[in-house]
1. If I take every Cα pair under 8 Å that is 6 or more residues apart in the range 1-169, average their sequence separation and divide by the length, what percent do I get for the relative contact order?
2. Applying the Karplus parametrisation 6.51 cos²θ - 1.76 cosθ + 1.60 with θ = phi - 60° to the phi angles of the range 32-48, what ³J(HN,Hα) value in whole Hz is obtained for each residue in order, glycine and proline being reported as x?
3. Ignoring everything except DSSP H segments at least 4 long, calculate the 222 nm mean residue ellipticity for the chain; use -39,500 (n - 2.57) per segment, divide by total residues, nearest 500.
4. Candidates (i) 29, 19, 15; (ii) 34, 20, 13; (iii) 32, 18, 13; which is the computed semi-axes √(5λ) of the Cα gyration tensor in Å?
5. So, in nm, how far is label L27 from label E147 when the simple model puts each one 7 Å beyond its Cα toward the Cβ?
6. Roughly how many Å is it from the Cα centre of the range 15-67 to that of the range 138-160, as a whole number?
7. Whose amide H sits under 5 Å from the amide H of T85, counting only residues 5 or more places off or on another chain, with H placed in the peptide plane?
8. Convert each backbone phi in the range 109-118 into a coupling constant with the Karplus relation 6.51 cos²θ - 1.76 cosθ + 1.60 (shift: θ = phi - 60°), then list the ³J(HN,Hα) values in order as whole Hz, x for Gly and Pro.
Amino acid sequence: MLEAIELREAVRLEHEKWMEEAIKEALVAKEKAEVPIGAIIVKDGEIIARGHNVRELELDATGHAEIKAIQAANKALDAWRLEGTTMYITLEPCPMCAGALINSRVENVVYGAVDLKAGCGGTLMNLLEDERFNHQTQVIKGVLAEECGQLLTNFFRELRENKKKRKLSTD
């Protein structure tokens with residue numbers, strides 16, 4: 001029994017270590033005035049790709065952290081199939097990103113904060129584990145959820161405050 005508890009603790013710590021790397025990517029997005037969402041892809045205990053939101057910067061609706069990380073991993077592995085990989089994302093994937101994760105054959109998805117408006121890793125629906133698709137991804141939810149959620153909460157609070165200040169200065 002003690003061994004099982006120690007194993008679960010080791011797995012939790014491993015997931016938190018990688019999620020901290022995804023959070024670093026989210027902070028890069030924030031520095032660029034992008035919504036702070038970050039993703040990394042891990043294979044064989046090493047980060048093979050990183051991505052963060054760039055929708056505003058690139059004026060690209062598909063500029064999500066997950067898409068950027070998948071593209072980087074495809075290049076790193078010289079393959080479109082990302083079998084044997086795990087993606088760590090600070091926010092639950094949207095429908096587009098869940099579809100890309102399925103199509104790229106990512107094996108595991110670990111995310112931090114839930115997305116009440118677009119979450120397709122179990123909140124609104126679970127595309128990632130839907131057995132009707134030819135590939136499913138194992139989902140682990142809520143790793144460093146509070147930290148990941150706070151990044152988004154703070155970002156949108158600051159955005160609203162700055163918008164309010166600009167409005168007051170023009171009146």
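1. Relative contact order here is 17 percent.
2. With the stated coefficients, the range 32-48 comes to 8, 6, 9, 4, x, 10, x, 9, 9, 10, 10, 9, 6, x, 9, 6, 9 Hz.
3. Using -39500 (n - 2.57) per qualifying helix, the result is -16000 deg cm²/dmol.
4. Among (i) 29, 19, 15; (ii) 34, 20, 13; (iii) 32, 18, 13, the one derived from this structure is (i).
5. Label at L27, label at E147, 1.0 nm between them.
6. 13
7. Those lying under 5 Å, H to H, from T85 are E107, N108.
8. After applying 6.51 cos²θ - 1.76 cosθ + 1.60, I find 10, 10, 10, x, 7, 6, 10, 5, 9, 9 Hz.
The values are calculated or read from the model by the stated rules, or taken from the named source; none is laboratory data. Just so it is clear, the structure is predicted and the values come from calculations on it, not from any experiment. Heads up, the Cβs are rebuilt from the backbone with ideal geometry, glycines too, and the neighbour counts pull from every protein chain shown. These area figures cover heavy atoms from the full protein model, side chains too; ligands, DNA and RNA do not enter into them. Shrake-Rupley method; radii C 1.70, N 1.55, O 1.52, S 1.80 Å.
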